[in-house]
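The values are calculated or read from the model by the stated rules, or taken from the named source; none is laboratory data. On a predicted model such as this, the values are computed, not experimentally measured, just so you know. Neighbour counts run over all protein chains shown; Cβ positions are idealised from the backbone, glycine included.
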Amino acid sequence: MKFSEYSKGQVLKFGSYKIEEAEILEFATRYDPQWFHTDVDKAKASPYGSLIASGWNTCGIAMRLVTDELLHDSGSIGSPGLAYLKWPNPVRAGDVLSVVVTVLDTKQSRSRPNLGIVQWQWQLFNDKGVEVLDLEATSFFERS
């Protein structure tokens, strides 16, 4: 979607991504090798009761879904960062994840007239309707 297609209050729901145990293990082994992400047996005996995905793996899935649906060929030119990032519940093998994006605000940059700014909330939910990711981001878009 181009910058001009976003409006304050807009809600977009999309995506379906099934995460498998092998992905959880591969990502965690490479980037976040904490035992509750990498040791199946130990994780079963933990307060989580099973292996859980790294929060960073969860962020990557959200980014993939948003890029595929909204950012590809959109004029997106990056982000200066996040206002907040939360992982309210763990992601587990077999979860099917989807995204709800809420546009909080849009505006034209005062210093760069060809730059549009979108502030938005991304929430990721599993197939049971449980929220597993909540973040607020600012994104920059080229304006046509």
LYS86, sole failed condition from (1) surrounded by 20 or more Cβ atoms within 10 Å (Cβ to Cβ); (2) within 22 Å of SER16 (Cα to Cα): (1)
Matching residues in region 109-129 - criterion: being at pLDDT 95 or above, at negative phi and loosely packed, with under 13 Cβ neighbours inside 10 Å: ASP127, LYS128
Listing of strands (runs of 3 or more DSSP E) fully contained in region 69-144 that carry 3 or more residues being in contact with a Leu (Cβ under 6 Å, 6 or more places away or on another chain): 96-108, 115-125, 131-142
PRO47 part of a loop (DSSP other than H, G, I, E, B), touching a residue at least 12 places away in the same chain (Cβ under 8 Å) and surrounded by fewer than 13 Cβ atoms within 10 Å (Cβ to Cβ): no
Unique match (being surrounded by 13 or more Cβ atoms within 10 Å (Cβ to Cβ), touching a residue at least 60 places away in the same chain (Cβ under 8 Å) and of a type in the set (Lys, Arg)) among ARG64, ARG143: ARG143
Evaluation of ASN57 against (1) under 12 Å from the mean Cα position of the chain (by Cα); (2) in a loop (DSSP other than H, G, I, E, B); (3) not charged (D, E, K, R) (one fails), failing number: (2)
Residue match in region 83-97 (condition: of a type in the set (Val, Ile, Thr), under 21 Å from TRP35 (Cα atoms) and in contact with a Ser or Thr (Cβ under 8 Å, 6 or more places away or on another chain)): yes
Meets criteria (touching a strand residue (DSSP E or B) at 6+ places or on another chain (Cβ under 7 Å) and modelled with pLDDT of 95 or more) for LYS13: yes
